[in-house]
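Here the structure comes first, spelled out in structure tokens, and everything after it is commentary.
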There are 4 protein chains.
Amino acid sequence: MTTPVGIVGATGAVGQRLVQTLAPHPDFEIAALTASSSSAGQSYREAAKWRIDSPIPDHVAAMTVSETDPAVVPDDVPLLFSSLPSGVGERVEPAFAEAGYLVSSNSSNFRTDPDVPLTIPEINPEHIDLIEVQREERGWDGAIVKNPNCSTITMVPPLAAIEEAVGIDRVDVSTLQAVSGAGYDGVTSMEIIDNAIPHIGGEEEKMETEARKLLGTFDGNSVEWLDATVAASCNRIPTLDGHLENVFVDTRADTTPEAIVEAFEAYPTVDLPSAPEQLIHVFDDPGRPQPRLDRNTEDGMAISVGGVQATAEGVQFNCLAHNTRRGAAGASVLNGELLAREGYL
Amino acid sequence: MTTPVGIVGATGAVGQRLVQTLAPHPDFEIAALTASSSSAGQSYREAAKWRIDSPIPDHVAAMTVSETDPAVVPDDVPLLFSSLPSGVGERVEPAFAEAGYLVSSNSSNFRTDPDVPLTIPEINPEHIDLIEVQREERGWDGAIVKNPNCSTITMVPPLAAIEEAVGIDRVDVSTLQAVSGAGYDGVTSMEIIDNAIPHIGGEEEKMETEARKLLGTFDGNSVEWLDATVAASCNRIPTLDGHLENVFVDTRADTTPEAIVEAFEAYPTVDLPSAPEQLIHVFDDPGRPQPRLDRNTEDGMAISVGGVQATAEGVQFNCLAHNTRRGAAGASVLNGELLAREGYL
Amino acid sequence: MTTPVGIVGATGAVGQRLVQTLAPHPDFEIAALTASSSSAGQSYREAAKWRIDSPIPDHVAAMTVSETDPAVVPDDVPLLFSSLPSGVGERVEPAFAEAGYLVSSNSSNFRTDPDVPLTIPEINPEHIDLIEVQREERGWDGAIVKNPNCSTITMVPPLAAIEEAVGIDRVDVSTLQAVSGAGYDGVTSMEIIDNAIPHIGGEEEKMETEARKLLGTFDGNSVEWLDATVAASCNRIPTLDGHLENVFVDTRADTTPEAIVEAFEAYPTVDLPSAPEQLIHVFDDPGRPQPRLDRNTEDGMAISVGGVQATAEGVQFNCLAHNTRRGAAGASVLNGELLAREGYL
Amino acid sequence: MTTPVGIVGATGAVGQRLVQTLAPHPDFEIAALTASSSSAGQSYREAAKWRIDSPIPDHVAAMTVSETDPAVVPDDVPLLFSSLPSGVGERVEPAFAEAGYLVSSNSSNFRTDPDVPLTIPEINPEHIDLIEVQREERGWDGAIVKNPNCSTITMVPPLAAIEEAVGIDRVDVSTLQAVSGAGYDGVTSMEIIDNAIPHIGGEEEKMETEARKLLGTFDGNSVEWLDATVAASCNRIPTLDGHLENVFVDTRADTTPEAIVEAFEAYPTVDLPSAPEQLIHVFDDPGRPQPRLDRNTEDGMAISVGGVQATAEGVQFNCLAHNTRRGAAGASVLNGELLAREGYL
């Protein structure tokens, strides 16, 4: 018995990763694909310019793409995965939620709204119950659930392990982000060959706010954000996939790199189909993790960490995750699995 | 009237930049070129596999390369520029200094020795007089003067401006470094295409120590290092030239981004032939500076800065310098010009 | 005494190269800049997103961009350089020619029209007089003159030398083309990092037709194209600038690589301000020319050649030119200089 | 029942691909690993600096590496896969063959020797019986079998289909080769970022000779090479894996692109464990195949073809294969499977 699911915005970079992730899924079955009206009526093969380096799944390729509109998505598809530009998501996602669909969304709109759960199932699964607050406030039958930005999700698991072990006062973080994070057309070749760009619009603020909400405390009514300062500096570099981050953490209590490594390795995973067996993989080699070599660890769903060292006020370390798997499509699917396990479907 | 100078280790990546920089120099004239014994006796054209994208200067190409040995470098060449692997530099540079030569060196050995001046002429020219301490202690007629590591020199000018304006308590810095910093054969293509490497051996320690010595106070006898903590995380990325750095600074006194920008722009340059007209160039566009677009600013001798923002404890900003010009060859030549101006030749 | 000139389509990739080339020109002075209506009224600094790695010339930056319309370009600007998308050029260029302007155009429209001169001043300057045929047929006071496509211009000078020496029967050519040839937004980073694309729309046909017209014979009325077969295969690779080409030539008469090298080196240049001193530079090293090292030879206006070898039916060789200098902006400017010398201004 | 096999030169780029390919092999079991004497005695994990983006197989990682010497490889390992530098292979492979081992070798030495089979199992499996000639002439119990160079193997399957359909008179071919073809340290990052190199030492000759031997006729005693001219031009470009080639073929009989596509698609594969289900995959999209998107087709063992077009004397097309799988490790393993099927083990 599988649950029929839909993909809203199925032709973009993350939409294609959603297709790749959901096609072989044990519990979900792709039953609807939507895109902009110019693609509606075409087969998915025609509508999507498939650019993933494994073949387009045959049965999905033959499906017809419909418009992104609650009126045309079948009612017996309870769960939708959304990866729309945030401006579009802001308009479309509430319409779907109002029409009764559960929307597991990767789009950046609403992520810091007080009644919208922003969840990583291994980190803060209990936040999912903000759905009840949301439904009450907005009068919806459906709901909107968010996963964080790809650059946020890369550092939050190791930060969660540190917060639990010794507490966090402050985080300074620098990112080296892959071009796929901007979508297929987001970064031109002339901008990035033999180059790096020290700014990604809105990204620093996302890291600073989302991390604190994810590491916050949910009391059944609202989330109290983590009381720590976060300063981020975000860079685009010429890699295809995999965000690498340098993190400097001031801890509340004294600690050692060894204790932090132990906390990383002991941090639990969850029992959901898309979750990695080990959430945080720690490398001894200070030259790892590297995007090309390590982004696909555990099907791209693990967080890789290395270079753990003491600083004057705590520790520094490097972390890496696959930005369109763990950081986008896989994160949304994992939230969908959490919704299923928690009985929301 | 020009001064004859020599280049020790003339065939490597920095050696070639030294040739390119010194060939048209108004005050210096290349009079000696040394390399390993396997190259000795060859013309420079044969010995150097020239890989700079401007032609090899004709008159230098025809010169004969000699062995790196004080016995074979002419006595009437008072000033040598050295860019040797640090293990070789450690052995060879004292021999030259003992034999009476002034060695302006880019090699990393001895940089933090108490009696070795580590100087950036625009920042701490007065440290050059450590030469007198060095000569007294070591009994040399010549001397060794060092410029800092390429990753250090990129951030120290803006840090000097901040230190002078409001004082520095702490620095967290992440680097995105070009492959030329490792020399021609330092990074293989398979290591770096579609990749980044979050570790450069010894680099973090160099940034942490050299910055504090450069920003320290010289009382005529010794340098008291700046009392601040510096934590660095160094990454290699697929760019050819230009080190980009994200810097987070905790300041002693309260400040604003506007005040810091003003301090950057007001920071003076020096009147030496290779010095830039404006030491620190500040960009308003938060997407700048970028390695490919901005590394050649003022012939690659300026520091480019952007993204100046407030943080909880001070400011963050990005900075960029050309690592083999400002960060190596140009830095050594500038120190040579300082030696000339201060009467050491 | 300088001639005022205009740049039509001044904000694009080639438009910016035209600005860079014309700003310091000894005989021409930039007097008008046009762009699409959305940019009209802005300063050039605002309208152009300047992406060349040397600064935007100050006096051009301050100029106001006007719409691309003969009605708004001053009448005392006799010569316009055009680099429009071919669809736009097809519509706009005749309007300017009819209004009396001389248009030296890099756009691909009209290149193979019988009454439009397609010229490389070093190769077929006499074709410029097709202007008279054009004026008679079309009733224009102005005229349109074209330079060839960037991939064509790279191979035609060495082919011209071979044609003159021993005659050409057939050419098979493969190209390795830089991303700048597609304009700033033409190739996305996700398409080209760690990749190559074995097709560039329309490019193969341009090489096959334009080369034969350029090497053809002008009898005062029309150009008889060279009677040779040309087969091209065009590839995009991850380089920023510089098209590299592998050329296999069947010659009419027997020859040797030595004779062909001699013909390359003896091929004359022209006495125009932007022409290189030596048109074809021949490398002995079979590993040269390389895009990054050799594209800027003679300010990017020379053709670099290497790897000349015998084949069963003739010779093979590699050639390289800077695609936005020699292959676009510089080619148009050179044609403008030819127009001036031939008295058309 | 699996056959124990050894890997000679197991730590290099192709050696690692051999480990990756053989570890899960259904019929072969890795029983010996050799490397240079400096690695002998170490575990494979220590000796190999593993750089493939899937984990090192655990049971292989723990094996001890021995010296490359017939005296230390167990006698009950009948089949060795060799990927040594050609100079080493020239010395070592005969010693193993004389000692009774079957050597399936990827090294370039001996490939064009008259008594050494150079085979691609789908193309010329009957050539394997040159082993008997070899044994008689050299008095060996073992034998040496070769697979071709990675650039040769990419074009030979489509050429074989054309030869069989209409005959081949002449081939002009240009290659765009990945850096992995030169081994892990073969191409430095400074050589290839934003660049291409129009020469690979010895590669053009390999393509010209090996292709004619592979497509030749074996009469039981010797191979008569195909009577056609082949001219090659080989380029290195900044891709990690996957050689792309532009091929121009003069055919003996008239033909059409449609007939050639049909011949490609009808060309049979072989029934061996590592062979692809379809040997030649043809793309309609002229922009394919592309290295990054298509190199892994059928586990990297298929040949991808596109851009089939008519020329004056025949056809032109593009082809692609994974150079370290189909072009090296996979080719050697496939030859080993052929040796097994033909009863040589």
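The values are calculated or read from the model by the stated rules, or taken from the named source; none is laboratory data. Everything numeric here is computed off the predicted structure, so don't read it as measured data. Backbone-built Cβ (ideal geometry, glycine too); neighbour counts: all protein chains shown.
Of note:
- Given (1) away from chain C (no Cβ under 14 Å); (2) under 24 Å from residue B:2 (Cβ atoms), index of the condition residue B:56 fails: (1)
- Qualifying helices (runs of 4 or more DSSP H) (wholly inside region A:259-345; at least 3 residues being away from chain B (no Cβ under 11 Å)): A:297-300, A:330-341
- Any hit, region B:73-84, residues being surrounded by 15 or more Cβ atoms within 10 Å (Cβ to Cβ), within 20 Å of the chain's Cα centre (by Cα) and farther than 22 Å from residue B:275 by Cα: yes
Yes or no, residue by residue, for (1) in contact with a helix residue (DSSP H, G or I) (Cβ under 9 Å, 6 or more places away or on another chain); (2) acidic (Asp, Glu); (3) within 26 Å of residue D:291 (Cα to Cα); (4) outside the structural domain of residue A:240 (by TED's automatic domain parsing):
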| site | (1), (2), (3), (4) |
| --- | --- |
| A:9 | yes, no, no, yes |
| A:27 | yes, yes, no, yes |
| A:35 | yes, no, no, yes |
| A:40 | yes, no, no, yes |
| A:54 | yes, no, yes, yes |
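- Any chance residue D:5 is crowded, with 23+ Cβ neighbours inside 10 Å, more than 14 Å from chain A (Cβ to nearest Cβ) and at pLDDT below 95: no
- If only residues of region B:54-74 that are assigned to a loop (DSSP other than H, G, I, E, B) and among the aliphatic types (A, V, I, L, M) are counted, the one that is nearest to residue B:39 (Cα to Cα) is B:65.
- The set of residues from region D:50-83 being of a type in the set (A, V, I, L, M) and farther than 28 Å from residue D:344 by Cα comprises D:52, D:56, D:61, D:62.
- Single match in D:84, D:102 (criterion: aliphatic (A, V, I, L, M), at pLDDT below 95, touching a helix residue (DSSP H, G or I) at 6+ places or on another chain (Cβ under 7 Å) and over 14 Å from residue D:19 (Cα atoms)): D:84
- Scanning region D:130-147 for residues that are touching a strand residue (DSSP E or B) at 6+ places or on another chain (Cβ under 6 Å) and crowded, with 24+ Cβ neighbours inside 10 Å yields D:142, D:143, D:144, D:145, D:146.
- Comparison of B:170, B:135 shows that the only residue that is within 14 Å of chain A (Cβ to nearest Cβ) and of a type in the set (Lys, Arg) is B:170.
- Answer residue from region B:12-52, given it is of a type in the set (Ser, Thr, Tyr) and surrounded by fewer than 23 Cβ atoms within 10 Å (Cβ to Cβ) and is nearest to residue B:81 (Cα to Cα) among those: B:36
- Residue selected from region D:27-60 under the condition over 23 Å from the mean Cα position of the chain (by Cα) and of a type in the set (S, T, N, Q), by the criterion nearest to residue A:302 (Cα to Cα): D:43
- The set of residues in region B:205-229 being in contact with a strand residue (DSSP E or B) (Cβ under 8 Å, 6 or more places away or on another chain), hydroxyl-bearing (Ser, Thr, Tyr) and either in a loop (DSSP other than H, G, I, E, B) or within 16 Å of residue B:129 (Cα to Cα) (or both) consists of B:217 alone.
- Criterion (over 17 Å from the mean Cα position of the chain (by Cα) and either closer than 30 Å to residue C:240 by Cβ or among the hydroxyl-bearing types (Ser, Thr, Tyr) (or both)) met by exactly one of A:220, A:201: A:201
- For beta carbons closer than 8 Å, sequence separation of 6+ or different chains, a first residue in region C:81-104 that is within 17 Å of residue C:147 (Cα to Cα) and a second that is surrounded by fewer than 24 Cβ atoms within 10 Å (Cβ to Cβ) and among the basic types (Lys, Arg), the qualifying pairs are C:94/C:138; C:97/C:138.
- Going through (1) within 14 Å of chain B (Cβ to nearest Cβ); (2) over 18 Å from the mean Cα position of the chain (by Cα); (3) touching a residue at least 24 places away in the same chain (Cβ under 8 Å) one by one, residue A:165 falls short only on (1).
- Checklist (1) touching a helix residue (DSSP H, G or I) at 6+ places or on another chain (Cβ under 8 Å); (2) more than 28 Å from residue B:190 (Cα to Cα) applied to residue D:324, failing item: (2)
- Picking from residues in region C:236-255 that are assigned to a strand (DSSP E or B) and surrounded by fewer than 24 Cβ atoms within 10 Å (Cβ to Cβ), the one that is farthest from the other protein chains (Cβ to nearest Cβ) is C:251.
- Among strands (runs of 3 or more DSSP E) entirely within region D:93-195, having at least 2 residues that are among the hydroxyl-bearing types (Ser, Thr, Tyr) singles out D:102-105, D:168-177.
- Screening residue B:317 against (1) surrounded by fewer than 24 Cβ atoms within 10 Å (Cβ to Cβ); (2) farther than 30 Å from residue B:134 by Cα leaves a single unmet condition, (1).
- Sub-9 Å Cβ pairs linking a first residue in region A:4-18 that is under 9 Å from residue A:35 (Cα atoms) to a second residue that is basic (Lys, Arg) and at pLDDT below 95, at least 6 apart or interchain, are A:11/A:49, ordered by first then second residue.
- Within region B:178-198, tally of residues that are within 17 Å of the chain's Cα centre (by Cα) and among the charged types (D, E, K, R): 0
- Filter result for residue A:122 (surrounded by fewer than 24 Cβ atoms within 10 Å (Cβ to Cβ), free of Cβ contacts under 8 Å to residues at least 12 places away in the same chain and at negative phi): no
- Within the option set A:126, A:67, A:98, being within 20 Å of the chain's Cα centre (by Cα) and of a type in the set (Asp, Glu) holds for one residue only, A:126.
- The number of residues in region B:37-51 being more than 13 Å from residue B:10 (Cβ to Cβ) and within 14 Å of chain D (Cβ to nearest Cβ) comes to 1.
- Residues satisfying the stated conditions in region C:181-232, i.e. within 14 Å of chain D (Cβ to nearest Cβ), among the hydroxyl-bearing types (Ser, Thr, Tyr) and touching a helix residue (DSSP H, G or I) at 6+ places or on another chain (Cβ under 8 Å): C:188, C:189
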